[in-house]
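None of the figures in this text is laboratory data; all of them are computed from the coordinates on show. The structure displayed is predicted, hence computed values, not measured ones. As a convention, Cβ positions derive from the backbone with ideal geometry for all residues, glycine included, and neighbour counts pool all protein chains shown.
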Amino acid sequence: MSNDYQPRIYVVDDDAAVRSALCALLGSVNLDAVAFDSAEAFLRAANPDLMGCLLLDVRMPGMSGLELQRVLRERGIELPVIIITGHGDVPMAVRAMKAGAAEFIEKPFNDQLLLDAIHSSLATDAEAWQRRGEMKAVAERLNRLTQREYEVLDFLVMGLPSKRIASKLGISERTVDVHRFNIMRKTGVRTMAELIQLCMSYRKQAD
Amino acid sequence: MSMASPPPVEPEASTARPLHTIDRVVPVSGRRILRRTLVTGLIFSTLLAGLVLIYYRAESANNLDMLKSGRERIQHLATLTLHQEMAAVLSDLRYLSRHNELFTYLETGGPAAERQLGEEYVHFLAQKRDYDQARLIDLDGQERIRVNQTPGGADSVPSPALQNKKDRYYFTELMKLGPGQIYVSPLDLNVEQGAVEQPLKPMIRFGMAVFDQEGRKRGLLVLNYRADRLINRIHLIAGAPRNLWLLNGEGFWLMGPDGRDEWGFMFPERRERRFSLRYPETWRQMQQTPLGAQEEGGLLLQFQRVFPLAWYENDREAPGLARPVARDRYYWNLVTVISGEERQALDAPLIQRLAMIYAVLALFSFAVAGALSWLSSRNLALVCLLERMVDNVPMLVAYVDAGQRYRFNNMAYRDWFGSTPRQLYGRRLRDVMGESTYQALRPTIEKVLAGQRVDCELRLDFDGTGPRDVTVSYLPDVVEGGGVRGYYAVVNDITALKETQRRERQHLLELAHVSRLASVGEVTTEIAHQVNQPLAAIAMFSAAALRTLRDGGEPDQVMDWLGQINAQAQRAGEVVKRLRRFAHRGETSRGPVSLNELAREVVALTEYGARSLDVEVRLSLAAHLPTTPGDRVLLEQVIYNLVRNAMEAVAEQPGPRRVEIRTSSEDAGVCLEVADTGPGIAESLGQGVFDSFITKKPHGLGIGLAISRSIIEAHGGIISYTSPPEGGTVFRFTLPGVHREQ
């Protein structure tokens with residue numbers, strides 16, 4: 001885990017008392033908490049680089065919790081969401097989980113339960129954050145390739161030999177070998193197997 | 001009791017076309033009309049016939065009177081003529097008995113004087129053609145002078161031809177006469193040599209004794225008067241022949257219906273031909289009275305006894321005058337005849353005229369009878385129809401006169417009072433309905449009799465029937481000029497309806513409590529959420545405090561958190577109290593209630609629901625709103641129902657989801673409105689939304705609005721809704737306000 005990871009707990013609840021109580025509880029366990037009184041207020045501050053997790057009351061005037069979840073996903077903000085609700089009915093929970101909520105906690109709740117949920121969410125987020133960082137590096141390396149190198153890379157990942165690639169692209173086998181060398185150099189991998197693994201994981205992430 | 005007083009009823013314009021068409025419904029039987037027409041027409045025409053007959057009789061009698069008076073005139077003229085003629089003969093006779101030549105002859109007695117006297121008589125007869133003979137007879141019966149009337153002139157008979165008349169009846173009669181006496185023979189036919197002279201020569205002999213200067217009777221003077229001329233004259237007077245008869249004292253015709261009937265006493269074979277035998281009844285009458293009329297043998301006979309010798313000259317005017325001796329017994333009968341044919345001839349045009357008039361009148365009477373019977377059948381059918389309708393209306397219908405007596409009742413009265421309309425007719429209202437009911441109705445009755453229409457609802461206690469709720473409609477019967485002749489009464493028994501309404505209201509109030517308990521279920525969920533918030537806050541504050549204290553952190557912060565915990569506990573308590581207030585089922589209280597307060601309370605109760613349905617609830621409350629007397633629990637229930645409905649109405653809306661509660665004060669009291677931005681209410685429902693079991697909600701009972709209405713109406717208020725043009729629905733109720741809000 002990199003030291004750059006500084007998680008924050010984002011609290012969105014329209015009830016001021018609940019808001020300040022949550023902040024007090026989180027503060028007491030040295031968690032950094034920021035409170036918002038509505039979904040709209042949070043959205044104004046939200047960006048994909050946020051770290052930590054979101055504590056969200058489902059029922060609020062204006063934009064509801066579920067709606068906020070939808071908007072966040074549209075914007076590519078992958079913050080884990082912990083739904084807290086006073087109305088713990090099953091359909092609501094199902095909807096929340098389908099929308100991608102990490103945890104579903106019913107009010108009033110055991111403080112430890114909440115903290116455990118927060119911690120597990122933070123762990124997930126940290127992992128995701130790290131992966132995001134790696135992917136970023138891979139992407140940066142792949143971005144250095146030229147257009148022709150990308151085409152060659154595609155055939156390489158399919159497992160075609162240099163001779164076939166040369167005939168497909170209408171270039172000489174030797175030129176293909178030069179491109180392969182440059183790809184290995186630019187992405188910083190040593191073996192062919194490593195290169196294939198890098199591409200596969202990148203594609204998986206990109207999906 | 002509500003009393004409406006619409007403007008006084010104006011008398012209906014009688015000329016206006018009737019608005020209803022009941023006369024077209026009335027069945028009129030053609031056969032019945034025909035039968036009635038015939039019967040009535042027959043009666044009419046019979047009556048007319050009677051009248052015409054009476055008129056005919058009168059006219060006919062009139063005609064007869066005219067005939068009779070004509071005949072009387074003839075009789076009168078004939079009588080006059082007879083008198084005149086006889087008088088002339090008598091005066092001639094008197095003259096002949098006193099003139100000089102006679103006296104000279106009586107003194108001298110010589111042949112010269114006799115001849116001169118004879119010539120005198122010849123001259124006399126030559127001028128007086130009415131006489132047949134003039135004779136002078138001496139006391140021995142020997143004719144001394146005799147002058148005969150001949151066609152060539154008067155002719156004196158020579159002495160040798162003179163006869164002795166000593167044996168003749170008139171000689172004997174004449175010999176009895178004294179001075180101043182005249183003998184007149186009956187009217188008969190001249191007889192020569194024992195046989196009636198042909199052609200018939202009717203004759204009357206006038207005679208008197210002749211006295212000389214010394215007063216000695218010397219002879220007899222006889223004048224034969226030819227009565228045929230007299231008879232002819234009378235025939236002329238009669239005009240038409242044979243309708244004036246002349247009878248002698250024995251009842252023989254002197255002038256008769258036929259020549260062969262005349263002079264019966266002169267001919268043995270005609271003895272039976274006499275008036276007295278052919279018309280015995282008339283004859284009998286004639287014996288009893290000198291003047292009269294009798295119908296016999298198809299003839300109308302008017303008779304009059306005539307004394308031809310007794311005329312107007314009387315003894316006093318001419319005391320010395322000679323007179324007929326038997327002038328009081330010498331009479332004839334004049335009979336005028338009116339035959340049946342004559343009368344018929346006179347009546348025929350009358351009959352013809354009357355027959356024509358009668359035919360026209362009879363035709364007319366049948367036409368009138370037809371019209372009358374059509375009218376009467378139609379009116380009868382109309383009356384039957386109206387009776388049937390009025391009798392089958394499930395209400396009391398009556399007409400009461402100004403003296404407060406029943407003049408008409410429908411059959412419904414029989415069910416109420418046990419008396420048929422016929423028995424009720426003319427009875428006083430007071431006696432029929434009982435004193436207490438009458439007193440209750442009295443102001444109403446006085447009002448309608450003053451000419452005002454009255455519609456009202458009353459609870460009346462009729463004798464025997466128990467209290468009844470009725471609607472009473474009184475319509476004055478205003479006559480031209482403004483007087484009230486009576487009034488029409490329509491009384492409808494709405495006891496059952498009222499009872500149902502009362503029960504329904506009671507039911508709904510009970511239901512209100514039930515439904516409030518049902519909403520307590522809803523509210524409980526709401527409350528659970530509301531309690532959850534402070535509880536969650538408390539739990540977290542306390543957890544934070546615990547951790548901080550365990551880790552030896554800032555006590556100041558813990559103090560702050562404890563304060564928060566306290567506040568949140570208060571908050572939870574407040575929520576619980578609200579629930580208890582709402583669910584409270586206490587006695588119905590009528591204390592002053594502030595609608596503002598109730599509105600705030602309801603908003604608090606529905607806060608979480610509003611949040612979860614994402615509905616914005618706004619309050620727009622009037623300052624200084626008067627309070628209203630009422631049950632705060634029930635009124636809160638109404639507001640809760642309205643707000644809850646409004647929230648549910650807007651919940652599915654894509655647009656703005658807003659519910660606004662407004663209060664305001666009005667002249668009539670206080671008003672609360674719940675406006676929403678929902679889809680509105682289907683126009684077809686109208687005010688029916690307040691009826692029970694009308695709902696749009698899948699799980700609703702449809703009693704919320706019905707209960708709300710009954711609560712508001714029980715508080716003397718009105719609830720309604722409108723759909724404003726900008727969309728949504730506004731429910732609104734007003735309640736009478738009393739107290740000022742502090």
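In summary, chain B shows an alpha-carbon radius of gyration equal to 2.47 times the 2.2 N^0.38 Å reference for compact globular proteins. Based on Cα contacts under 8 Å between residues 6+ apart, chain A shows a relative contact order of 15 percent.
Note on B:611-623: average number of Cβ atoms from other chains within 10 Å of each residue's Cβ is 2. Close amide H pairs (under 5 Å, H built 1.01 Å from N) link B:ASN410 with B:VAL397, residues at least 5 positions away or on another chain. With a Förster radius of 45 Å applied to the C-beta separation of B:LYS166 and B:SER339, the computed FRET efficiency comes to 0.40. For the cross-link pairs A:LYS98/B:LYS577; B:LYS166/B:LYS201; B:LYS447/B:LYS498; B:LYS176/B:LYS201; B:LYS128/B:LYS176; B:LYS128/B:LYS217, the ones whose C-alpha atoms lie over 32 Å apart are A:LYS98/B:LYS577.
Peptide packing for A:156-166, B:623-633 was compared via the average number of neighbouring C-beta atoms within 10 Å per residue; ordered from the highest value, the list is B:623-633, A:156-166. When you work out D = kT/(6 pi eta Rh) for region B:362-519 at 25 °C and 0.890 mPa s, using the Kirkwood radius from C-alpha pairs as Rh and the Stokes-Einstein form, the result is 132 µm²/s. Counting, for every residue in B:563-573, the Cβ atoms of other protein chains within 10 Å of its Cβ and taking the mean gives 1.
Here region B:58-124 and region B:385-440 have alpha carbon centers that stand 99 Å from each other. One quarter of the convex hull surface built on the alpha carbon atoms of region B:13-171 amounts to 24.7 nm², the projected area averaged over directions.
Excluding same-chain neighbours fewer than eight residues apart, the aspartates and glutamates reachable from A:LYS186 by a Cα-Cα span under 12 Å are A:GLU140, A:GLU149. With a 10 Å cut-off around each Cβ of B:543-554, the average count of Cβ atoms from other chains is 4.
Obtain the nm distance between the two label points defined at B:LEU321 and B:GLU269 by a simple spin-label model: each point lies 7 Å from its Cα along the Cα-to-C-beta direction. So the two model labels end up 4.5 nm from each other. Sites listed here are trypsin sites (Lys or Arg not before Pro) in region B:118-163 whose DSSP assignment is loop and whose Cβ has at most 14 other Cβ atoms within 10 Å: B:ARG129. In the protein assembly as shown, the ratio of gyration radius to Kirkwood radius, Rg to Rh, stands at 1.65 when only Cα atoms are counted.
For A:ALA16 and B:LEU619, FRET efficiency with R0 = 22 Å and r from the beta-carbon atoms, rounded to 0.05? It comes to 0.65. For chain A, the longest principal axis of the alpha carbon atoms and the long axis of helix A:192-206 meet at an angle near 40°. The C-alpha atoms of chain B define a longest principal axis, and helix B:340-392 lies at about 10 degrees to it.
Compute the angle between helix B:704-714 and the longest alpha-carbon principal axis of chain B, please, reported from 0 to 90 degrees and rounded to the nearest 10. Between the helix axis and the principal axis of chain B, the angle is about 70 degrees.
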